[in-house]
Amino acid sequence: MIFKKILPSIFFFIFLVFLINFIAFGQEKNSTSSSEKEVEILKEKIAIKVAELRQENNQAFSGNIINLSENLIEIKDKDDKKILINLDPTLTKYYRIKNNQKKEINFSDLEKNDYIVVSGIITDKGVNANLIFVDERYLVDFGRLIEINKEGYWLKINTLTNENIIIDIETNTKQWLLNIKNLELEKIGFSKIKEGDMINFVAKDSKNESDHFSAQKIIVIPQEYFLK
Amino acid sequence: MKKESLIAVVLGLIFGFVFAIFIVLGLSQNKVEKENILVSEKKSVTFSPTKKLNLELLTIDKPKNNLIVSKNQITIEGSVSKDSLVVIQSPIKDLVFQNKDKKFKVDFPLALGENVIKIVVYPKFSNIKIQEKTLFIYYLPNEI
């Protein structure tokens, strides 16, 4: 009889204990997940800040290799300025760019006179390189055409700095002429080019055996455009 | 000749001489004034141009030179004189257009690595000097 009277109280007590435990567990889980969220947000903020700092401090340099040793490269840039590149065997990565694709290479693949693009942080002792890309150097320039050689298929161009540059027109050189009526570019042949025209050109920045540059493409602005 | 007659002749000569000097001086002053007016008229013609040429130097607002980017395209923004012929050339792209306004804004693709982009402006008037700027932009997707 007494047991029957006590039994609901026992059940009620057990239920109460479960309820308290359940609430306590729920609160603990909530506090754990909120602290995890805070950590994640903090991590993201740090990552963004690091990326921003890297972006601010990172600079790009390019030039031809003139000296090559184990942890150091010396390059000469387009203005003939020498730059020291410090290499880190564990951090610095090397790539070769060809046909707009990059392929990872090793330090041992680098050679003297290679044209490289270096990204890294500048210090008092040079540039601490993160990435080194072996790339191709291009000459992009323009000037007035002062001489045409129809036998040798070359053009002598007088640039804005009064320098005379000779470019070879190869079979694969893309030749474009500005149509002065509709300002569209039209494909042309060598015979359409005249002395006095303005030539905008792209060539590989290394001279061939004839001491000429090999043109990749040219845009001809006919002299008639300026007589309008 | 009587003494009185001699005095009258001398006085007449003096008056005549003084009168002649006044006339000569007056004439020469008029001449100088006229010349001055002519010179000033000429000057005003020389230094007041009737037509004003609005010349704008080539400026590139975006992007900065030697920029490292992680996308294979940039937007080039700048300004030049109205109706100039603008040629933008790189190893992978050529753009030729005549800008109707001073400002221009064009999207330009980038190749992996170093991009040498030459911007040449041929002004509408052939007596104005051709202008150019070269941008070195680095597309290094791993870097950022």
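Within the range A:78-93, is there a residue that is outside the structural domain of A:Lys204 (by TED's automatic domain parsing), at pLDDT 70 or above and in a helix (DSSP H, G or I)?
no
Please count how many residues of the range A:135-177 are of a type outside the set (Gly, Ala, Ser) and farther than 30 Å from A:Phe61 by Cα.
Of the residues in the range A:135-177, 19 are of a type outside the set (Gly, Ala, Ser) and farther than 30 Å from A:Phe61 by Cα.
Among the residues of the range B:104-143, count how many are under 30 Å from A:Leu131 (Cβ atoms), more than 8 Å from chain A (Cβ to nearest Cβ) and among the β-branched types (Val, Ile, Thr).
Residues meeting the conditions: 3.
Return yes or no: is A:Val134 surrounded by 13 or more Cβ atoms within 10 Å (Cβ to Cβ) and either within 12 Å of chain B (Cβ to nearest Cβ) or hydroxyl-bearing (Ser, Thr, Tyr) (or both)?
On the way: surrounded by 13 or more Cβ atoms within 10 Å (Cβ to Cβ): yes; either within 12 Å of chain B (Cβ to nearest Cβ) or hydroxyl-bearing (Ser, Thr, Tyr) (or both): yes.
In short, yes.
Would you please name the residue that is surrounded by the fewest Cβ atoms within 10 Å (Cβ to Cβ), looking only at residues in the range A:186-228 that are touching a Lys or Arg at 6+ places or on another chain (Cβ under 9 Å) and of a type in the set (Phe, Trp, Tyr)?
Going through the qualifying residues, I end up with A:Phe190.
List the pairs whose first member sits in the range A:83-106 and is within 14 Å of chain B (Cβ to nearest Cβ), whose second member is of a type in the set (Val, Ile, Thr), and whose Cβ atoms are under 6 Å apart, counting only residues at least 6 apart or on separate chains?
Hits for this filter: A:Ile83/A:Ile75; A:Tyr94/A:Ile105; A:Tyr94/A:Ile132; A:Arg96/A:Ile105; A:Arg96/A:Val134.
Inspect the range A:95-116 for any residue being closer than 25 Å to B:Lys118 by Cβ, hydroxyl-bearing (Ser, Thr, Tyr) and in the same structural domain as A:Asp211 (by TED's automatic domain parsing) and give the result as yes or no. Before you say what the answer is, go through the steps one by one.
Step one: filter the range A:95-116 for residues closer than 25 Å to B:Lys118 by Cβ, giving A:97-102, A:113-116.
From the residues that got through so far, the ones that are hydroxyl-bearing (Ser, Thr, Tyr) too are A:115.
Now restrict to residues that are in the same structural domain as A:Asp211 (by TED's automatic domain parsing): none.
For the range A:95-116, residues closer than 25 Å to B:Lys118 by Cβ, hydroxyl-bearing (Ser, Thr, Tyr) and in the same structural domain as A:Asp211 (by TED's automatic domain parsing): absent.
Given the conditions (1) touching a Phe, Trp or Tyr at 6+ places or on another chain (Cβ under 6 Å); (2) within 30 Å of A:Ser119 (Cα to Cα); (3) within 9 Å of chain B (Cβ to nearest Cβ), and given that A:Gln216 satisfies all but one, which numbered condition is not satisfied?
Looking at each condition in turn, A:Gln216 falls short on (1).
Would you confirm whether or not the range A:109-123 contains a residue that is over 22 Å from B:Val69 (Cβ atoms), touching a Pro at 6+ places or on another chain (Cβ under 9 Å) and of a type outside the set (S, T, N, Q)?
no
Condition check ((1) closer than 27 Å to B:Ala111 by Cα; (2) in the same structural domain as A:Gln101 (by TED's automatic domain parsing)) across all residues:
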{"site": "A:Asn130", "(1), (2)": "yes, yes"}
{"site": "A:Glu151", "(1), (2)": "no, no"}
{"site": "A:Trp154", "(1), (2)": "no, no"}
{"site": "A:Asp168", "(1), (2)": "yes, no"}
{"site": "A:Thr173", "(1), (2)": "yes, no"}
{"site": "A:Ile180", "(1), (2)": "no, no"}
{"site": "A:Glu184", "(1), (2)": "yes, no"}
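Taking the residues in the range B:60-103 that are among the small types (Gly, Ala, Ser) and touching a Pro at 6+ places or on another chain (Cβ under 9 Å) as candidates, determine which candidate is farthest from the other protein chains (Cβ to nearest Cβ).
That would be B:Ser81.
Out of (1) within 14 Å of chain B (Cβ to nearest Cβ); (2) touching a residue at least 24 places away in the same chain (Cβ under 8 Å), the odd one out for A:Ser210 is which?
Condition not satisfied by A:Ser210: (1).
For a quick check of your reading of the model, give me the residue pairs whose first member lies in the range B:60-74 and is free of Cβ contacts under 8 Å to residues at least 60 places away in the same chain, whose second is assigned to a strand (DSSP E or B) and exposed (fewer than 11 other Cβ atoms within 10 Å of the Cβ), with beta-carbon atoms closer than 6 Å and at least 6 apart or on different chains.
B:Gln73/B:Asp107
Of all residues in the range A:159-171 being without any contact (Cβ under 8 Å) to a residue 24 or more places away in the chain and more than 12 Å from chain B (Cβ to nearest Cβ), which is farthest from A:Ala215 (Cα to Cα)?
The selected residue is A:Asn162.
Within the range A:163-196, track down each residue that is within 19 Å of A:Tyr225 (Cα to Cα) and part of a strand (DSSP E or B).
Listed by number, the residues that qualify are A:Gln175, A:Trp176, A:Leu177, A:Leu178, A:Leu185, A:Glu186, A:Lys187.
The values are calculated or read from the model by the stated rules, or taken from the named source; none is laboratory data. Just so it is clear, the structure is predicted and the values come from calculations on it, not from any experiment. FYI the Cβ positions are ideal-geometry reconstructions off the backbone, even for glycines, and counts take in every protein chain you see.
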